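Encoded as structure tokens, the structure appears first; notes follow it.
The values are calculated or read from the model by the stated rules, or taken from the named source; none is laboratory data. Predicted model only: the values in this text are computed from it and were never measured. Positions of Cβ are backbone-derived with ideal geometry, glycine not excepted, and every protein chain shown enters the neighbour counts.
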Amino acid sequence: MRNTFFFLLILCLLTSCNNGNKNVTDDPAVKKVKKQAIRVAEDYAKGKLKDAKKSVDKDGIIKLTGNGIVYFIDPSRIVMGEIDEDSDKDAIVPLYVFREQTPLLTEHLVLINKEGKLTNVKVMDNVLKIIAIKERMIFAEVSKVASDAPSFGCEICREVVKYQFSGDTLSLIK
């Protein structure tokens, strides 16, 4: 009886988390764009490194190393949505940059999809985290203080800002 109750409880929890909806990442078009975004990010990082070496850990996090610098790409942190005026899925890929064990910065590659090909149009290095892409706006968390300040990134030093891509330019919206 106890095992049956436990089994039913687990089954209810699993089905309630799923809500019966198809996961967006199951969409083949989204998977294709995400795979291409990872490739563009890898090429970008390899271009910054000398004799780049690639490895992938059990969680799928990609590590590119060379000349004392390490780039990490976490595919689960890629944010996708419509950034420019067309209806193609665009992407923002965060790259976590370290020198040996010391974190240097996070770079966010803004990739615009033109006719099925992602192109890196901007590297954002002043952003802590991309929150979402909604209504062709990029919502990002930034620090109110400079990156070399001791309080950079602290909880009370953060704010949410909006960016918009127009033409070929990414602009901060006031």
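Observations on the structure shown:
- Qualifying residues in region 120-151 (those that are touching a residue at least 24 places away in the same chain (Cβ under 8 Å) and among the polar types (S, T, N, Q)) - the one surrounded by the fewest Cβ atoms within 10 Å (Cβ to Cβ): S147
- Test: residue in region 32-39 that is in contact with a Phe, Trp or Tyr (Cβ under 8 Å, 6 or more places away or on another chain), over 26 Å from S166 (Cβ atoms) and not in a loop (DSSP other than H, G, I, E, B): no
- Top-ranked residue of region 40-80 - restricted to ones that are of a type in the set (K, R) and either surrounded by fewer than 17 Cβ atoms within 10 Å (Cβ to Cβ) or more than 11 Å from the chain's Cα centre (by Cα) (or both), ranked as farthest from G167 (Cα to Cα): K58
- From the list K35, K63, K54, the lone residue that is among the basic types (K, R), modelled with pLDDT of 95 or more and touching a Leu at 6+ places or on another chain (Cβ under 6 Å) is K54.
- Matching residues, region 50-70, being within 14 Å of R99 (Cβ to Cβ), in contact with an Asp or Glu (Cβ under 9 Å, 6 or more places away or on another chain) and not in a strand (DSSP E or B): N67, G68
- Pairing each residue of region 71-89 that is more than 18 Å from I38 (Cβ to Cβ) with any residue that is at pLDDT below 95 and not in a loop (DSSP other than H, G, I, E, B), provided the two are 6+ apart or on different chains, yields C-beta distances under 7 Å for D84/F165.
- Only residues that are among the acidic types (D, E) and in contact with a strand residue (DSSP E or B) (Cβ under 8 Å, 6 or more places away or on another chain) were counted in region 132-171, giving 3.
- For V110, the stated conditions hold: it is part of a strand (DSSP E or B), within 11 Å of the chain's Cα centre (by Cα) and among the hydrophobic types (A, V, I, L, M, F, W, C).
- Matching entry among I92, I83 (being under 20 Å from M137 (Cα atoms), modelled with pLDDT of 95 or more and over 13 Å from the mean Cα position of the chain (by Cα)): I83
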